[in-house]
Amino acid sequence: MDTLARTDMDFEPYHGRRRVVISGVRPEIDAGQFPIKRIVGEKVEVEAWVFSDGHDHVFAELLYRPQDQADWRTAPMEPGRNDVWTGVFRPDRLGPYVYTVRAWIDVFGTWQHDLVKKFEAGQDVSVDLQIGLNLIGEAAGRAPERDGQRLRLSADEVAEQTEQARAVEMATDERLHELMNRYPDPSKVRTYERQLPVTVDRERARFSSWYEFFPRSAAAEPGTPGTLADAEALLPQVAEMGFDVVYLPPIHPIGRTHRKGRNNARTASPDDPGSPWAIGGEEGGHKAIHPELGTLEDFRRFIQAANDLGMEVAMDIAFQCSPDHPYVKEHPDWFKWRPDGSVQYAENPPKKYEDILPIHFETETWRELWEELTGVVLFWAEKGVRAFRVDNPHTKPFAFWDYLIGRVKAKYPDAIFLAEAFTRPNVMYRLAKVGFTQSYTYFTWRNARNEIVEYMQDLTRTEVAEHFRPNFWPNTPDILPQVLQFSGRPAFMTRLVLAATLSSNYGIYGPVYEQMVSAAVAGREEYLDSEKYEIRHWDRRRAGTLVPLIERINRIRRENAALQQTRDLHFLEIDNPLLLAYAKADEDETNFVVVVVNLDLHHRQSGWVRIPLERWEMDPSQPFMAHDLLSDDRYIWQGEWNYVELDPQLTPAHLFVLRRRLRREMDFDYFM
């Protein structure tokens with residue numbers, strides 16, 4: 001019988017002594033091509049299937065390290081059902097990390113298990129004990145001096161025992177097992193074939209409240225263009241409302257060629273200021289400040305004033321140009337030219353944006369283009385900006401953003417990038433994978449209960465939660481959704497509560513939302529008399545605004561850790577389909593928040609909501625208090641099912657904090 005000739009090359013993919021299998025590692029994004037996202041101190045929980053042939057025990061541990069360090073740190077993994085092992089680590093600094101799983105046949109643990117079975121069956125285990133002593137001796141030879149001495153001492157103590165029962169007891173000590181597993185036989189150790197990346201951001205990447213306003217509309221008196229100094233004077237009011245990120249639309253020079261007039265008119269009057277997104281003029285481009293707003297020094301003072309109030313400034317990054325931008329003359333190859341000699345302006349038929357030229361990213365000189373645009377972000381980062389809201393990133397190459405964000409975060413690892421990409425889910429998720437810290441979402445158009453539940457489950461119960469951080473905006477300068485056009489104050493209150501409690505990151509287009517502006521272009525989701533095309537004046541002393549509610553909600557968010565994360569969100573049973581109920585808890589499960597929202601913006605609704613007492617280890621036989629932080633009302637509840645009632649004209653939502661048990665003296669102010 002012929003035999004096949006074998007060479008050493010045939011056996012290279014194998015190792016006869018490494019029998020353990022590691023697979024199904026989670027989280028793992030696209031086979032390790034992209035990182036998961038965490039903040040400093042946030043746990044990374046890793047799962048893997050670890051198993052082997054036969055009946056030998058296996059052992060697994062989690063390896064992790066900052067990417068720029070060579071030495072691995074280890075964290076234990078615990079076995080669960082069906083060969084699933086779980087381990088946790090917490091990154092302790094900003095920047096990229098990597099992690100993987102290492103496992104081996106647990107020879108000593110298998111020996112301990114078999115030893116006990118044989119001894120309990122009444123067998124003589126003297127030879128088996130000698131096998132174990134040999135294993136300990138081998139491990140001692142691999143260990144450093146101190147642990148080697150501990151292992152040899154343990155072996156000597158076992159060998160000295162005259163009673164097998166005592167020898168077995170000492171040899172199967174769990175502390176000895178743990179020490180042995182620090183020094184496995186390297187020829188039997190298998191490490192997962194991939195090192196999986198983690199991007200570790202600062203806390204504001206996970207928890208933030210954004211406030212957008214136009215500095216040119218910040219003047220104290222109507223009819224006067226605002227400046228950065230005027231905008232600075234408004235910062236204490238923004239801070240008092242509880243926001244921590246102040247987002248400014250573009251503050252650069254605005255082009256004059258094809259400048260748009262009020263309400264996006266194709267012809268502008270001499271006094272029309274133009275759209276801030278038509279960037280660039282004779283005064284400069286993306287690294288310049290509009291002279292009517294002030295100087296670079298004024299902007300530095302604005303940043304410092306925000307920082308002094310506990311806030312930071314987010315800049316708008318819009319990589320597009322007006323026809324007057326210096327790039328058009330200096331780098332004509334960065335734009336598309338038509339056969340008639342005209343340059344292609346931006347359009348989304350039937351919409352036309354004659355005042356904006358898109359950048360041609362497929363230019364032959366794309367390397368120089370990438371370097372220049374990356375330099376724009378680095379320029380502002382050097383001036384103290386660490387948060388960037390990026391306009392329409394889905395219209396630029398993914399590889400470009402991977403390059404730019406990587407370069408910026410290598411120098412400024414605390415940088416945050418918010419993607420304004422209202423587009424297809426796969427495109428939005430790809431932008432998150434290549435580096436965007438947060439993203440705008442479809443929340444703006446999710447109104448019915450089933451729509452909200454389905455969307456939030458997509459964001460929190462799938463792999464998406466590992467790399468995509470949603471930032472919920474009920475409105476933007478570009479979008480006035482229909483629900484805000486026709487349903488009055490209840491709609492603005494409801495959407496604010498939903499945005500601020502469903503997601504830990506949210507934002508509002510400030511004065512417009514505070515004053516519940518709802519006038520729209522007929523048949524469109526666009527503001528009438530849009531601030532994008534004209535300077536507006538906002539009476540901030542006006543009565544009846546949403547400012548008190550905004551202040552209260554932001555304070556509640558700051559005081560309740562359960563609301564400072566998005567992933568641990570659980571929808572609750574409620575018997576009225578017009579009511580939405582959901583719960584959040586902090587990582588330690590000491591802060592329990594239940595939100596109930598009336599989605600009927602015109603009528604009072606009531607129902608019975610089921611509280612997950614068992615999950616939160618609350619005794620159903622004991623009363624507990626539900627403290628509504630919005631109204632400051634307190635309710636004594638008992639059992640799982642409890643009654644709620646909401647009038648949208650008054651307060652369309654409950655925001656309850658629950659405590660496990662009442663004090664014996666029934667002190668209704670606070671709980672144990």
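The values are calculated or read from the model by the stated rules, or taken from the named source; none is laboratory data. All of these numbers come straight from a predicted model, not from anything done at the bench. Virtual Cβ from ideal backbone geometry, glycine too; neighbours counted across all protein chains shown. Please note that ligands, DNA and RNA were not included when accessible areas were found on the heavy atoms of the full protein model with its side chains. Shrake-Rupley method; radii C 1.70, N 1.55, O 1.52, S 1.80 Å.
Per-residue answers, yes or no, for (1) modelled with pLDDT under 95; (2) surrounded by 23 or more Cβ atoms within 10 Å (Cβ to Cβ); (3) within 21 Å of Arg524 (Cβ to Cβ); (4) of a type in the set (Asp, Glu):
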site	(1), (2), (3), (4)
Gln438	no, yes, no, no
Phe443	no, yes, yes, no
Val453	no, no, no, no
Thr460	no, no, no, no
Arg469	no, yes, no, no
Phe486	no, no, yes, no
Ala491	no, yes, yes, no
Problem - Those residues of the range 300-326 which are open to solvent by 20 Å² or more (accessible area, probe 1.4 Å), assigned to a loop (DSSP other than H, G, I, E, B) and not acidic (Asp, Glu), in sequence order - result: Leu309, Gly310, Pro323
Problem - First in the range 29-40 and farther than 13 Å from Val98 by Cβ and touching a residue at least 12 places away in the same chain (Cβ under 8 Å), second anywhere and open to solvent by 30 Å² or more (accessible area, probe 1.4 Å) and outside any strand (DSSP E or B), Cβ under 6 Å, 6 or more apart - result: Ile39/Glu203; Ile39/Arg206
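Open to solvent by 20 Å² or more (accessible area, probe 1.4 Å), of a type in the set (A, V, I, L, M, F, W, C), within 17 Å of Trp401 (Cα to Cα) and part of a loop (DSSP other than H, G, I, E, B): is that true of Phe361 in this structure? Steps first, please.
On the way: open to solvent by 20 Å² or more (accessible area, probe 1.4 Å): yes; of a type in the set (A, V, I, L, M, F, W, C): yes; within 17 Å of Trp401 (Cα to Cα): yes; part of a loop (DSSP other than H, G, I, E, B): yes.
Criteria met by Phe361.
If you go through the range 498-525 one residue at a time, how many are touching a residue at least 60 places away in the same chain (Cβ under 8 Å) and either in a loop (DSSP other than H, G, I, E, B) or in contact with a helix residue (DSSP H, G or I) (Cβ under 9 Å, 6 or more places away or on another chain) (or both)?
Here is the first cut: in the range 498-525, the residues touching a residue at least 60 places away in the same chain (Cβ under 8 Å) are 498, 500-511, 521.
Checking the rest, the ones that are also either in a loop (DSSP other than H, G, I, E, B) or in contact with a helix residue (DSSP H, G or I) (Cβ under 9 Å, 6 or more places away or on another chain) (or both) come to 498, 500-508, 510-511, 521.
Matching residues across the range 498-525 total 13.
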Exercise for the section: For the range 335-356, state whether one or more residues are at negative phi, in a helix (DSSP H, G or I) and either open to solvent by 20 Å² or more (accessible area, probe 1.4 Å) or touching a Gly at 6+ places or on another chain (Cβ under 8 Å) (or both). Expected result: no
Practice task
Would you please list the contacts, defined by Cβ atoms under 6 Å and residues six or more apart or on different chains, that run from a residue in the range 145-174 that is open to solvent by 80 Å² or more (accessible area, probe 1.4 Å) to a residue that is modelled with pLDDT of 95 or more and assigned to a helix (DSSP H, G or I)?
Solution key: Arg152/Ala140
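Would you mind finding the one in Ala268, Ala229, Ala233 that is more than 23 Å from Val408 (Cβ to Cβ), open to solvent by 20 Å² or more (accessible area, probe 1.4 Å) and in contact (Cβ under 8 Å) with a residue 60 or more places away in the chain? Before the answer, list the steps.
Details: Ala268 fails: in contact (Cβ under 8 Å) with a residue 60 or more places away in the chain; Ala233 fails: in contact (Cβ under 8 Å) with a residue 60 or more places away in the chain.
Just one listed residue meets the conditions, Ala229.
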Practice task
Mind listing whichever residues of the range 615-633 are at pLDDT 95 or above and loosely packed, with under 15 Cβ neighbours inside 10 Å?
Solution key: Ser631, Asp632, Asp633
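Scan the range 109-129 for residues that are part of a helix (DSSP H, G or I), open to solvent by 10 Å² or more (accessible area, probe 1.4 Å) and either touching a His at 6+ places or on another chain (Cβ under 8 Å) or not charged (D, E, K, R) (or both) and jot them down. Show your work before the answer.
From the range 109-129, those part of a helix (DSSP H, G or I) are 109-120, 126-129; that's our starting set.
From what's left, open to solvent by 10 Å² or more (accessible area, probe 1.4 Å): 110-114, 116-120, 126-129.
Passing the criteria: Thr110, Trp111, Gln112, His113, Val116, Phe119, Ser126, Val127, Leu129.
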Problem - Condition broken by Thr444, with the remaining ones in (1) of a type in the set (S, T, N, Q); (2) without any contact (Cβ under 8 Å) to a residue 60 or more places away in the chain; (3) assigned to a loop (DSSP other than H, G, I, E, B) satisfied - result: (3)
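Taking the range 45-64, which residues are charged (D, E, K, R) and either open to solvent by less than 70 Å² (accessible area, probe 1.4 Å) or assigned to a loop (DSSP other than H, G, I, E, B) (or both)? Steps first, answer last, please.
Here is the first cut: in the range 45-64, the residues charged (D, E, K, R) are 45, 47, 53, 56, 61.
Within the range 45-64, Glu47, Asp53, Asp56, Glu61 meet the criteria.
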Exercise for the section: Could you grab the pairs with beta carbons closer than 9 Å, sequence gap of 6+ or different chains, first residue in the range 318-339 and polar (S, T, N, Q), second one open to solvent by 40 Å² or more (accessible area, probe 1.4 Å)? Expected result: Gln320/Tyr353; Gln320/Pro358; Gln320/Asn392; Gln320/Thr395; Ser322/Arg256; Ser322/Thr257; Ser322/His258
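Just checking, which of Val497, Val512, Val521 is open to solvent by 30 Å² or more (accessible area, probe 1.4 Å) and at pLDDT 95 or above?
Values: Val497 fails: open to solvent by 30 Å² or more (accessible area, probe 1.4 Å); Val512 fails: open to solvent by 30 Å² or more (accessible area, probe 1.4 Å).
Matching residue, one of Val497, Val512, Val521: Val521.
Within the range 207-218, is there a residue that is of a type in the set (Gly, Ala, Ser) and within 20 Å of the chain's Cα centre (by Cα)? Lay out the reasoning, then the answer.
To start, the set of residues in the range 207-218 that are of a type in the set (Gly, Ala, Ser) comprises 208-209, 217-218.
Cutting the leftovers down to within 20 Å of the chain's Cα centre (by Cα) gives us 208-209.
Within the range 207-218, one or more residues are of a type in the set (Gly, Ala, Ser) and within 20 Å of the chain's Cα centre (by Cα).
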Completion exercise
When (1) open to solvent by 30 Å² or more (accessible area, probe 1.4 Å); (2) within 28 Å of Trp616 (Cβ to Cβ); (3) touching a strand residue (DSSP E or B) at 6+ places or on another chain (Cβ under 7 Å) are applied to Leu528, the one that fails is (2)
Problem - Leading residue by the ranking (farthest from Arg194 (Cα to Cα)) among those in the range 96-107 that are open to solvent by less than 10 Å² (accessible area, probe 1.4 Å) and not aliphatic (A, V, I, L, M) - result: Asp106
Exercise for the section: Those residues that are surrounded by fewer than 17 Cβ atoms within 10 Å (Cβ to Cβ), part of a helix (DSSP H, G or I) and in contact (Cβ under 8 Å) with a residue 60 or more places away in the chain, I need them from the range 377-422; list them, please. Expected result: Phe379
Exercise for the section: Within the range 65-95, work out how many residues are open to solvent by less than 70 Å² (accessible area, probe 1.4 Å) and in contact with a Ser or Thr (Cβ under 7 Å, 6 or more places away or on another chain). Expected result: 2
Fill in the blank from the handout: When the range 177-194 is checked residue by residue, the ones that are in contact with a helix residue (DSSP H, G or I) (Cβ under 9 Å, 6 or more places away or on another chain), crowded, with 16+ Cβ neighbours inside 10 Å and touching a residue at least 60 places away in the same chain (Cβ under 8 Å) are His177, Met180, Asn181, Pro184, Lys188
